[in-house]
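Structure record follows, encoded as structure tokens.
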Amino acid sequence: MSVAAEGYARSILVKTTTFFLHAAAVLSLLTPTTVGCGGSGAGTGGGASTTTTSATGTTTNLVATPEAAFSVTTDQPDGSVCPLAAGTEALGALTASMKTTTVTGGDGGAMIECSVLGSGPFEVDAAANNGTLGLEISIPALTAGATAASPAPGTVSLQAATSGSLYTGSCSFYFVPSTPEAVSAGSVWVAFTCPALTNPVTMASCPVAESYVLFESCISGS
């Protein structure tokens, strides 16, 4: 492997380690905090927070548990070029128009961490992992008007369950017309394509056809 390739591989491995460390921290963050009448405090976590006050004056800061779903479909029929050839890696059940099943952080060991910040454009950073399958997305500036012809650039890292390998690359994010896909503070449902997700060790390259990702009850910054 060339020096450049080794350097790239090291950077991806650092990113992967950070991804799983972040995901592991989620379970310890998703704990509601209850404050007595004379106390003060705030809940923290990977999701949006709400505050309620009971008739007795007890205030509880509830942290909503993030939810996620995604479906990533590769578009390379040649298995010698892409070990994920013409396959789909999915968490939950999601299409452009239907949110059939989402996975909640903590369910079955799933770890979800996400933030969707701003009021337009939105800054999206999100990761979901169920132990064998993981997806991380980063979109610096996603507008509600993003289309396939004028998408928002971002990155995707996929830890594939079928091969156990990491694939990463630049992708284009957009909203499919006449679907419920949307973005707002704390949530995102968006489509994306990638010219190639590449394994930094084997250099296997897997183009990604139209795929979908959803994160809800994320940190919104408010």
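The values are calculated or read from the model by the stated rules, or taken from the named source; none is laboratory data. Just so it is clear, the model here is predicted, and its values are computed rather than measured. All Cβ positions, even for glycine, are placed from backbone atoms using ideal geometry, and neighbour counts span all protein chains on display.
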(request) Exactly one condition in (1) out of contact with any helix residue (DSSP H, G or I) (no Cβ under 9 Å at 6 or more places or on another chain); (2) within 22 Å of Asn130 (Cβ to Cβ) is not met by Leu166; state its number. (result) (1)
(request) Would you check which residues across the stretch 62-84 are under 13 Å from Ser205 (Cβ atoms), under 22 Å from the mean Cα position of the chain (by Cα) and modelled with pLDDT of 80 or more and list them? (result) Thr74, Asp75
(message) Could you check the stretch 197-209 and list, in sequence order, the residues that are in a strand (DSSP E or B) and either surrounded by fewer than 18 Cβ atoms within 10 Å (Cβ to Cβ) or without any contact (Cβ under 8 Å) to a residue 24 or more places away in the chain (or both)?
(response) Ser205, Pro207, Ala209
(request) Mind listing just one residue for me: the one in the stretch 154-192 that is modelled with pLDDT under 95, among the small types (Gly, Ala, Ser) and over 15 Å from the mean Cα position of the chain (by Cα) and, of those, surrounded by the fewest Cβ atoms within 10 Å (Cβ to Cβ)? (result) Gly164
(message) Which of the numbered conditions does Ala85 fail, given that it passes all the others? Conditions: (1) surrounded by 14 or more Cβ atoms within 10 Å (Cβ to Cβ); (2) closer than 20 Å to Thr155 by Cα.
(response) (2)
(request) Would you be able to say whether some residue in the stretch 120-136 is in contact with a Cys (Cβ under 8 Å, 6 or more places away or on another chain) and either outside the structural domain of Leu166 (by TED's automatic domain parsing) or without any contact (Cβ under 8 Å) to a residue 60 or more places away in the chain (or both)? (result) yes
